[in-house]
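The values are calculated or read from the model by the stated rules, or taken from the named source; none is laboratory data. Source: prediction; values computed, not measured. Heads up, the Cβs are rebuilt from the backbone with ideal geometry, glycines too, and the neighbour counts pull from every protein chain shown.
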Amino acid sequence: MGRFVVSPATHKTDGGRFLASFSVQRSQGNGSYCRVFRFDKTFASHNAARLFAVTQGWLQTSMQHPPEC
């Protein structure tokens, strides 16, 4: 997504639902940036969790000044 690499991921819970997460990476010159975002919300399907992760990754990388954690 632009100058960032966003990698969405899903994880199946013991209860059969799915968790969403994504990582954002950027390398520029001598510096690099990598951050992982994990969410507490669970989803009924792998596809729903993946769509959420992709959407959150897009929002994070499209903001001019993303919030700090």
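Values for this structure:
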{"quantity": "Within region 53-63, considering residues that are farther than 13 Å from ARG3 by Cβ and surrounded by fewer than 12 Cβ atoms within 10 Å (Cβ to Cβ), the one modelled with the lowest pLDDT", "calculated": "MET63"}
{"quantity": "Members of region 1-26 found to be of a type outside the set (A, V, I, L, M, F, W, C) and within 11 Å of the chain's Cα centre (by Cα), listed by number", "calculated": "SER7, PRO8, THR10, SER21, SER23, GLN25"}
{"quantity": "Pair list, Cβ < 6 Å and 6+ apart or interchain, from region 1-27 residues that are in contact (Cβ under 8 Å) with a residue 60 or more places away in the chain to residues that are buried (at least 16 other Cβ atoms within 10 Å of the Cβ) and among the β-branched types (Val, Ile, Thr)", "calculated": "MET1/THR61"}
{"quantity": "Residues of region 1-52 classified as within 23 Å of MET63 (Cβ to Cβ), modelled with pLDDT under 90 and surrounded by fewer than 10 Cβ atoms within 10 Å (Cβ to Cβ), total", "calculated": "6"}
